[in-house]
Amino acid sequence: MTWNPDQYAKFAGPRLQPGLDLINRLPPHGPIEAVVDLGCGTGELTALLADRYPEASVAGLDSSISMLEKARGQFPDRVWVEGDIAQWRPERPVDLIYSNAALQWLPDHDRLMPALVDCLTKGGLLAVQMPRNFGAPSHSLMRDVASQPRFAGRTNLRSEPVADPGFYDALLSPLVDQIEVWEIEYWHRLTGDEPVYEWVKATGLRPVLEALTGDDREAFLSDYRERLLKAYPKRADGITLFPFRRLFLLAKR
């Protein structure tokens, strides 16, 4: 799937906040010599990781050429790598694997997460943030429209790509010395006429936009946008509240 960096950046502040919160949970210094940011996007958080660990080698990996081009333009002195997270394996174990809002796009977390732990040095850290908002109207309404006969089987929307916190704790506890799993629900105060639609257009709606064309796409979006406006009404002061739950994982090998 293709990514639009400009569309994604429309809500850069609230999108980056969970990643910042995760960085703030990392040790401020220590024996961290090699860092990789999996699904680095346009690189803002990768650059912050490099600032936090100035003595370390820090690389950002992403499969989107357009995202990496923007990252290189903003931070030309950093290391950017085009690659698939599912296939990524470092030449040697690294001290910190960081991933913000990326691993939800990958299946088979029961195999993916242990594989990432295997890429860590002894004492290395796995730090992950993933959206777990797929039961909210922003996503459930999308699936409701996609289930109509006109669109059924064409959009490749997944219902629950991120498991509950207990799944990750049970999965990784035997493989690591320490683990923390927690959730935060952010209440984003958005402005504009259809801010929730503009938000999901850059992320969760992408499988629909790429699968459907012409009249089918327009029919889908018309129905979905009407439902969104009812689910997320704009207040009299112009604010639309958008609750968004995210799962965090911090594990030490």
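Yes/no per residue for (1) within 16 Å of residue 109 (Cα to Cα); (2) touching a residue at least 24 places away in the same chain (Cβ under 8 Å):
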site: 139; (1), (2): no, yes
site: 143; (1), (2): no, no
site: 146; (1), (2): no, yes
site: 152; (1), (2): no, no
site: 157; (1), (2): no, yes
site: 165; (1), (2): yes, yes
site: 168; (1), (2): yes, yes
site: 175; (1), (2): yes, yes
site: 182; (1), (2): no, yes
With the first residue restricted to the range 190-207 and required to be under 18 Å from residue 241 (Cα atoms) and touching a residue at least 12 places away in the same chain (Cβ under 8 Å), and the second required to be surrounded by fewer than 20 Cβ atoms within 10 Å (Cβ to Cβ) and among the β-branched types (Val, Ile, Thr), Cβ contacts under 8 Å at 6 or more apart or on different chains are 190/239; 191/239
Suppose we filter 196, 181, 162 for residues that are touching a His at 6+ places or on another chain (Cβ under 8 Å) and within 28 Å of residue 13 (Cβ to Cβ); which single one remains? 162
Lone qualifier among 217, 206, 225 - being under 29 Å from residue 39 (Cα atoms), modelled with pLDDT of 95 or more and not aromatic (Phe, Trp, Tyr): 225
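Just one of 224, 197 is touching a Lys or Arg at 6+ places or on another chain (Cβ under 6 Å) and in a helix (DSSP H, G or I); which is it?
Working: 224 fails: touching a Lys or Arg at 6+ places or on another chain (Cβ under 6 Å).
From the options 224, 197, the qualifying one is 197.
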If a residue counts only when it is farther than 30 Å from residue 196 by Cβ and basic (Lys, Arg), which helices (runs of 4 or more DSSP H) contained entirely in the range 85-184 have at least 1 such residues? 109-118
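If you check 236, 231, 152, 136, which single one turns out to be of a type outside the set (S, T, N, Q) and modelled with pLDDT under 90? So that I can check it myself, show each step before the final result.
On the way: 236 fails: modelled with pLDDT under 90; 231 fails: modelled with pLDDT under 90; 136 fails: modelled with pLDDT under 90.
The match here is 152.
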Give the number of residues within the range 170-203 that are of a type in the set (Val, Ile, Thr), at pLDDT below 95 and out of contact with any Ser or Thr (no Cβ under 8 Å at 6 or more places or on another chain). 1
Under the condition of being touching a Pro at 6+ places or on another chain (Cβ under 6 Å) and more than 30 Å from residue 95 (Cα to Cα), which residue from the range 194-253 is surrounded by the most Cβ atoms within 10 Å (Cβ to Cβ)? 240
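The values are calculated or read from the model by the stated rules, or taken from the named source; none is laboratory data. Just so we're clear, the structure is a prediction, and the values are computed from it rather than from any experiment. All Cβ positions, even for glycine, are placed from backbone atoms using ideal geometry, and neighbour counts span all protein chains on display.
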